[in-house]
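**Student:** One structure follows; several queries about it will come next.
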Amino acid sequence: MIRKNRQTRDNMIKNIGEGDKPYLYVIVATGNIYEDVVQAQSAAKQGADIIAVIRTTGQSLLDYVPYGATTEGFGGTYATQENFRIMRRALDEVSLEVGRYIRLCNYCSGLCMPEIAAMGAMERLDVMLNDALYGILFRDINMQRTLIDQFFSRVINGFAGVIINTGEDNYLTTADAVEAAHTVLASQFINEQFAKMVGIPEEQMGLGHAFEMNPDLRDGFLFELAQAQMARQIFPKAPLKYMPPTKFMTGNIFKGHIQDALFNVVSIWTHQGIQLLGMLTEAIHTPFISDRALSIENARYIFNNMKSIGDEIEFKRGGIIEKEQMKF
C-alpha cells in the first residue's frame, strides 16, 4: 500500500505538475476536520502548495491516537487516520481543479511518532513534522523513548517518500535569535545525521530555521539573510523549511505584513524550499480565509518579482553578512 501511494504521488506530480519552490505552506486549524477541508481547498485555490493541519493542543502528549473523524479540537484538529483520509481526498480533488499537486502535512512528533507516521504513509501524506529532539526539549518526554521513536518513524517516512520537517524554529521562539543562532545549526546537523542513519535522502530533509530576530535590531535584515544563506550553503540539497516571524508580532497588522514581506524576500533570495507563510493577524486570532489570501498574495508577488535575485547578487567580501556567517 505504501509503495503504491508513493507511486500515486509521483504520477500525479508528473501528470498535473506542482508549484514552484519555495512551496507556499499554510496552516488550517479550526478543530473541525470538515471546516478544515473548506479552508484547505480555499487556500489551494488562492495559491498554496502545502496544507498543514495543526494538531489539537496537547496531542503530542497523548500516548494513543484518537479514532475517526473529529469535529472538536482546541487550537487545532486531532490527527487521526480518518481525518488524514478526509483531507487527502479533498486535496486530490482540488489538485485536479487547480492543475497542480497539493501536498498534505501533519505532525508525528510527540508520544506517537511511529503510529502517526504509519497512518500518514497509509493515507498518502507528503510532509510530516518529525524532529529528533522536540519531545525531549519542549515536551519533557523520555529521551530514550523519543530517540527510538524518531528512528522508527523516520524509517517509515523515508520509505513513504515523505519530506520530514524539523523544528529548529522552536529554539528561536524561546531564546534570542542572535545569541542562540548556533543552536539552530547544531540541531540541523543532529537531525541530518539521524535522517541519514535511516536512509532518508537529503531531498526529503526539510531542515528548519526561522526569521525571528527583533525587528528593532539595526541591520537585522542582513543578519537574517546571512543565517538563511548559511543554511542553504551547508545543506544545498535539502528543501529547507523557513519559518515566519511570530515572536515579535505585536498585533499591528500593517507592521506585521511588512515583517512577513521581508521574510519572503530572504526566502526567495536564499533559495529556500518550503515557506511557512506568516499571517498579518498573528498574535490576534486564528487566521481568517481572507488573512491567508493576503499572505499568499504577498509571497507570490515577491517571489515572482524577485525570482532570480539570489543568482544575480554576490555578497561583499568582509562585509556584514560574511562576518556574521564566520561566527559559526
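**Student:** Residue by residue through region 124-140, note down the ones that are more than 18 Å from residue 156 (Cα to Cα) and either of a type in the set (Phe, Trp, Tyr) or at pLDDT 95 or above (or both).
**Tutor:** 134, 138
**Student:** Search region 203-223 for residues being out of contact with any strand residue (DSSP E or B) (no Cβ under 9 Å at 6 or more places or on another chain) and in contact (Cβ under 8 Å) with a residue 24 or more places away in the chain, and hand back the single one that is surrounded by the most Cβ atoms within 10 Å (Cβ to Cβ). Can you show your working first?
**Tutor:** Kept after step one, since they are out of contact with any strand residue (DSSP E or B) (no Cβ under 9 Å at 6 or more places or on another chain), are these residues of region 203-223: 213-223.
Within this subset, residues satisfying the condition of being in contact (Cβ under 8 Å) with a residue 24 or more places away in the chain are 213-215, 217, 219, 221-223.
On the way: 213: 21, 214: 12, 215: 15, 217: 15, 219: 13, 221: 16, 222: 17, 223: 19.
Looking at residues that are out of contact with any strand residue (DSSP E or B) (no Cβ under 9 Å at 6 or more places or on another chain) and in contact (Cβ under 8 Å) with a residue 24 or more places away in the chain, I get 213.
**Student:** Pick out the one residue from 250, 246 that is surrounded by fewer than 20 Cβ atoms within 10 Å (Cβ to Cβ), touching a strand residue (DSSP E or B) at 6+ places or on another chain (Cβ under 9 Å), hydroxyl-bearing (Ser, Thr, Tyr) and under 26 Å from residue 29 (Cβ atoms).
**Tutor:** Numbers: 250 fails: touching a strand residue (DSSP E or B) at 6+ places or on another chain (Cβ under 9 Å).
After applying the criteria, what remains is 246.
Matching residues to (1) surrounded by 13 or more Cβ atoms within 10 Å (Cβ to Cβ); (2) charged (D, E, K, R):
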residue	(1), (2)
262	yes, no
283	yes, no
292	yes, yes
298	yes, no
301	no, no
307	no, yes
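**Student:** Right, another one. Restricting the search to region 1-32, which residues are in a helix (DSSP H, G or I) and hydroxyl-bearing (Ser, Thr, Tyr)? So that I can check it myself, show each step before the final result.
**Tutor:** Restricting attention to region 1-32, the residues satisfying the condition of being in a helix (DSSP H, G or I) are 2-16.
Hit for region 1-32 is 8, nothing else.
**Student:** If you don't mind, there's one more thing I want to ask. Keeping to region 211-234, report how many residues are among the small types (Gly, Ala, Ser) and touching a Lys or Arg at 6+ places or on another chain (Cβ under 9 Å).
**Tutor:** Step one: of region 211-234, the residues among the small types (Gly, Ala, Ser) are 220, 226, 228, 231.
Now drop any that are not touching a Lys or Arg at 6+ places or on another chain (Cβ under 9 Å), which leaves 226.
Total satisfying the criteria: 1.
**Student:** Would you mind listing the helices (runs of 4 or more DSSP H) fully within region 99-213 where at least 3 residues are under 22 Å from residue 232 (Cβ atoms)?
**Tutor:** Working: elements: 113-122, 134-139, 143-160, 169-174, 181-197.
Output list reads 169-174, 181-197.
**Student:** Tell me which of these residue 26 doesn't satisfy, since it passes every other one: (1) surrounded by fewer than 16 Cβ atoms within 10 Å (Cβ to Cβ); (2) among the β-branched types (Val, Ile, Thr); (3) under 29 Å from residue 236 (Cβ atoms).
**Tutor:** So the condition that residue 26 fails would be (1).
**Student:** Among all residue pairs at least 6 apart or on different chains, which show Cβ distances below 7 Å where the first residue, located in region 237-260, is under 11 Å from residue 282 (Cβ atoms) and among the basic types (Lys, Arg) and the second is modelled with pLDDT of 95 or more and surrounded by 14 or more Cβ atoms within 10 Å (Cβ to Cβ)?
**Tutor:** Short answer, once both residue conditions are applied: 247/212.
**Student:** Mind checking which residues of region 68-88 are over 20 Å from residue 291 (Cβ atoms), modelled with pLDDT of 95 or more, of a type outside the set (Gly, Ala, Ser) and in a loop (DSSP other than H, G, I, E, B)?
**Tutor:** The answer is 70, 71, 78, 80.
The values are calculated or read from the model by the stated rules, or taken from the named source; none is laboratory data. Since the structure is predicted, the reported quantities are computational estimates derived from the model, not experimental observations. Here Cβ is always computed from backbone atoms with ideal geometry, including for glycine, and neighbour counts include all displayed protein chains.
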